[in-house]
Amino acid sequence: MKAVVLLICLAAFTSAAHAADWLSWRKVGSATLTWGPFTVYTSQLLTPDGRYAGETGDRALVITYARDIDREELVEATRDQWQAQGILQEAPQSDAWLRMLGSLWPDVTTGSQLAFVVNNKQGQFWYRAPAQAGFTPLGPAQSATFSARFLAIWLGPRTHYPELRQQLTGGQ
């Protein structure tokens, strides 16, 4: 019985360690979002080789917040960006996605980090509080469709932040 418990614990640890392999990926680019004179967050895009391969490649967007923002504001900002890009009209499931984000995301505080990692076209949210040593996964893996729509906020051709897109993708 002890061997079974040990194997289960080892499998869970190996799975979690493998899932966080993205932490060793290389930076493609970084950008800062400001609102007037205030910094809202800094962000960086990571890939396994440090090159951006578009929607087909593995990638991680890591956002470090420079101010406190509650989850409702984060969800509303996502809704606004999807509205502006036409994603709300194109993706009928976007309302369900927004509800899921509202139940999944925490309120963020200054210094906290929220990451979205796409590996083999499946996305995963990760969170690290300022006093936390490492990232914790948030919720289940997300579909390729959701992952593409979520990252389109920063990386898509219709982004409302083209300067940030250019900085994150290394000028591409």
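The values are calculated or read from the model by the stated rules, or taken from the named source; none is laboratory data. Note that the structure is a prediction, hence the values are computed from the model and not measured. When we count neighbours, we look across all protein chains shown, and the Cβ atoms used for this are built from the backbone with ideal geometry, even at glycine. To get the accessible areas, we keep the full protein, side chains included, count just its heavy atoms, and leave off ligands, DNA and RNA. Shrake-Rupley method; radii C 1.70, N 1.55, O 1.52, S 1.80 Å.
Might you work out the accessible area of TYR161 for me, using a 1.4 Å probe with all protein chains in place, and round it to the nearest 10 Å²?
60 Å²
Once whole DSSP H runs in the chain are found, which of them have Cα atoms spread over 18 Å or more along the helix axis and a mean Kyte-Doolittle score of at least 1.0?
2-19
Hey, what number do you get for the chain at 222 nm if only DSSP H runs of n ≥ 4 count, each worth -39500 (n - 2.57), divided across all residues, to the nearest 500?
So the helix-based figure for the chain works out to -12000 deg cm²/dmol.
Run the 1.4 Å probe and let me know the accessible area of ARG149, rounded to the nearest 10 Å².
My reading of the accessible area for ARG149 is about 60 Å².
Quick one: Cα convex hull volume of the range 46-125, Å³ per residue? Each step should come with its number before you reach the end.
Numbers: hull volume 8.9 nm³, N = 80.
So the per-residue Cα hull volume is 111 Å³.
On each of the three principal axes of the Cα atoms of the chain, give max minus min coordinate, whole Å, ordered largest first.
59, 33, 32
Output wanted: per-residue J couplings in Hz (rounded whole) for the range 37-43, from phi through Karplus 6.51 cos²θ - 1.76 cosθ + 1.60, θ = phi - 60°, x for Gly and Pro.
After applying 6.51 cos²θ - 1.76 cosθ + 1.60, I find x, 9, 7, 8, 7, 10, 9 Hz.
Please state the Cα pair-distance histogram of the range 71-172 with 10 angstrom bins from zero: what percent is in each bin?
In whole percents, the pair-distance histogram is 14, 44, 37, 5.
Convert 10 °C to kelvin, take the viscosity as 1.306 mPa s, use the Kirkwood radius over C-alpha pairs of the range 60-107 as Rh, and evaluate the Stokes-Einstein diffusion coefficient in µm²/s, rounded to a whole number. Could you put the intermediate results ahead of the total?
On the way: Rh = 11.6 Å.
In µm²/s, the coefficient rounds to 137.
Taking 7 Å along the Cα-to-C-beta vector as the label spot, tell me the ARG99-ARG158 distance in nanometres, rounded to one decimal.
Roughly 2.3 nm, to one decimal.
Any idea of GLU90's accessible area? Nearest 10 Å², probe 1.4 Å.
90 Å²
Rounded to two decimals, what is Rg over Rh for the range 85-143 when you use alpha-carbon atoms and the Kirkwood radius? Each step should come with its number before you reach the end.
Details: Rg = 13.2 Å, Rh = 12.9 Å.
Taking Rh as the inverse mean 1/r over Cα pairs, Rg/Rh reads 1.03.
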